[in-house]
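Structure record follows, encoded as structure tokens.
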Amino acid sequence: MSEKIPLQERIIVALDVNSPEEAKAIVKKCESRCTFYKVGLQLFMGSWFETVDWLVDRGHKVMLDLKFFDIPETVKLAVQQVGDRGVSFATIHGNDPIIRAAVSARGDLRLLAVTVLTSFGEEDMRAMGMTGSVADLVYFRAKRALELGCDGVVSSGLEAEKLRQGLGEKLLIVTPGIRPGANIMDGDDDQQRIVTAGLALKNGANHVVVGRPITRAADPVAVIEEMQREILSACP
Ligand code: C5P
């Protein structure tokens, strides 16, 4: 990742709503400041590519976050379908053959491997029968994804520093689990491995993914502006 990323592309706004109408209303509020948006499972299930195509036609960048996980041939063909839509980033996960198959079909699309969900903590790993630490698993998966030809990974801001130091500048690091302010945890939050936007960038992330702190704010533009100030001071 040697090119300089424009400030308006650093925050990827997660459009986690049910309908294209709601998604478009959020984009219209935010687009003077943010030009990169994420379409995930909730919105995609309701309207397939409608919002993706609208965003691309409007000149915005799109991260399609469907976290493809299936047998290699199916993942390869799914990645091919996305390749024709003008999407910038898509997410996948899985073992070596799955990642290799996805990489073989990506074209200009940048593929991000999901490492460990930011809603996961150590107890969740134990509950799934996994030993070791979240940090070690994230590092192991990121290293493998890079070796297999992925462009980057999705990881929390807590692991970004070790990834950047160990795996170099080429790895694209995209970080969800962003919460503003000093007291970033709210009692009902499902995210666990959280940091501020400024800390994520300082630790080496290239982009942050932010959903509810922007989309549920009374003044989304004010939240974006505050995060962009933090980003600028972390990454002038
Ligand atoms: O609302 P919030 O800021 O927590 O949204 C985070 C977004 O990032 C959600 O759309 C979620 O699906 C996504 N995401 C994540 N952790 C990952 C990958 C994606 O939270 N590892």
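The values are calculated or read from the model by the stated rules, or taken from the named source; none is laboratory data. As the structure is a computational prediction, the values presented were derived from the model and not from experiment. Here the Cβ positions follow ideal geometry from the backbone for every residue, glycine too, while neighbour counts run over all protein chains shown. Each accessible area value is taken on the protein alone, full model and side chains, heavy atoms only, with ligands, DNA and RNA left out. Shrake-Rupley method; radii C 1.70, N 1.55, O 1.52, S 1.80 Å.
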### Karplus-derived HN-Hα couplings along region 194-211 (A = 6.51, B = -1.76, C = 1.60, θ = phi - 60°), whole Hz, x at Gly and Pro
10, 8, 7, 4, x, 5, 4, 5, 4, 6, x, 5, 8, 9, 10, 9, 10, x
### Query
So what is the accessible area of the chain per residue, in Å², with the probe set to 1.4 Å?
46
### Task
May I ask you to rank ASP65, ASP190, ASP84 by accessible area, largest first, using a 1.4 Å probe over the protein chains only?
ASP84, ASP190, ASP65
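What FRET efficiency comes out for the pair GLU123/ARG85, r = Cβ-Cβ distance, R0 = 41 Å, nearest 0.05? Write out the running numbers ahead of the final one.
Working: r = 38 Å, r/R0 = 0.93.
The value I calculate is 0.60.
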### Query
How far is it, in nm, from the label point at PHE140 to the one at LEU232 when both lie 7 Å from their Cα along the line to the Cβ?
4.3
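I want to verify the translational diffusion coefficient of the chain in µm²/s; compute it with Stokes-Einstein, Rh as the Kirkwood radius over Cα pairs, at 20 °C and 1.002 mPa s. Let's see the in-between values first.
Details: Rh = 17.9 Å.
So the translational diffusion coefficient is about 120 µm²/s.
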## Note on the structure
Between the modelled labels at ALA217 and MET130 (7 Å from Cα along Cα→Cβ) the distance in nm is 3.1
### Message
Can you give me the long-range amide H partners of ILE12? Hydrogens built in the peptide plane at 1.01 Å from N, cutoff under 5 Å, separation of 5 or more residues or another chain.
### Response
VAL208, VAL209, VAL210
### Query
Between GLU73 and ASP57, what is the spin-label point distance in nm, taking each point 7 Å from the Cα along the Cα→C-beta axis?
3.6
### Query
Ordered by residue, what ³J(HN,Hα) values in Hz, to whole numbers, does region 110-123 give under the Karplus form 6.51 cos²θ - 1.76 cosθ + 1.60, where θ = phi - 60° and Gly and Pro are x?
8, 9, 10, 8, 6, 8, 9, 3, 6, 7, 8, x, 4, 5
### Query
If amide H atoms are built 1.01 Å from N in the plane of the peptide, which residues on other chains or at least 5 residues away come under 5 Å of the amide H of LYS67?
THR91
### Summary
For the chain, the count of lysine pairs 8 or more apart or interchain whose alpha-carbon atoms are under 17 Å apart comes to 17
### Task
Given the options ASP16, ASP57, ASP189, state which has the largest fluctuation in a GNM of the chain using a 10 Å cut-off (strictly under) for Cα springs.
ASP189
### Selection of GluC sites (Glu not before Pro), region 1-89, meeting DSSP coil and at most 10 other Cβ within 10 Å
GLU3
#### Entry: GNM top mover of GLY211, GLY129, GLY46 - the chain, alpha-carbon springs below 10 Å
GLY129
